[in-house]
Amino acid sequence: MGFFKRFRTPKTTVTFEIPRSSFPLGSSISGTITVSSKEEFDATEVRAELRCSEKRRRERWVYNERLRRDVRHVYWDTAILLSEDFKVSGPMHIVPGFKKMFPIKVDIPAGGRETLDGIDVSVSWFIKGVVAVNDRPDPTSETIELQIIRAAMPTAKEEVKMVACEYCGSLMPANSSSCPVCGAPRKSL
């Protein structure tokens, strides 16, 4: 390998495909990473990288000598909430004309934060496919921004016992005081 070749990404196309971009917390993402190469190189692994980052707007007051007063400085503070790598393949030798699809299943943690875009704070989720190469930049797929939503809790529905009306014979809930069809009051509760 030439000296300048180690500063270039291998001539490889990496695509990461998922069925949709919106998922609830605690769910799994099933997708495929497709690698097609036009160059020969050794890859250390094929993986998917899942990242969750939070940006918060902060401000502080700094005394300005020239203006002789305090001046407000606004800046964005960034924190990485989640950084996980999901390995789908180990080391391999890739040759020109190589094309392979790697199925992958990525789990979103149930205790994470949902996607949020506000005035003072934003939470973003990103995922991409990567072919790791030693001593060279890694070829990556396009970064996909995910919409992570709070998982909806299933509502417990009580089973209502139905009884027949003594006057018209139609069914009504056992906890009602009068018939919804004829309006007659129930005699026995």
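Values in this text are rule-based calculations from the coordinates and carry no lab data. All values derive from a computational prediction rather than experimental measurement. Here the Cβ positions follow ideal geometry from the backbone for every residue, glycine too, while neighbour counts run over all protein chains shown.
The length gained on full extension between Arg20 and Thr140, counted as 0.36 nm times the residue separation minus their Cα-Cα distance, comes to 41.2 nm. Below 8 Å between Cα atoms, with a sequence gap of 6+, how large is the relative contact order for the chain in percent? In percent, rounded to a whole number, it is 28.
By the beta carbon rule, with partners counted only under 4.7 Å, the chain holds these lone Cys residues: Cys52.
Among Glu114, Glu145, Glu49, Glu158, the order by Cβ neighbours within 10 angstrom, fewest to most, reads Glu158, Glu145, Glu114, Glu49. Distance from the alpha carbon centroid of region 125-168 to that of region 41-70 works out to 28 angstrom. Would you please give the FRET efficiency between Trp76 and Asn175, computed as 1/(1 + (r/R0)^6) with r the Cβ-Cβ distance and R0 = 45 Å, to the nearest 0.05? Efficiency, rounded to the nearest 0.05: 0.20. Using a simple spin-label model with pseudo-atoms 7 Å out from Cα toward Cβ, Thr13 and Ser53 lie 2.8 nm apart. Database remark: amide H of Phe102 closer than 5 angstrom to the amide H of Ile33, Thr34, Val35 (H placed geometrically; neighbours at sequence offset of 5 or more, or on other chains; Pro and chain starts carry no H).
Take the convex hull of the alpha carbons in the chain; its mean projected area over all directions comes to 23.5 nm². Lysine pairs in the chain whose alpha-carbon atoms fall under 14 angstrom of each other, counting only those eight or more residues apart or on distinct chains, come to 7.
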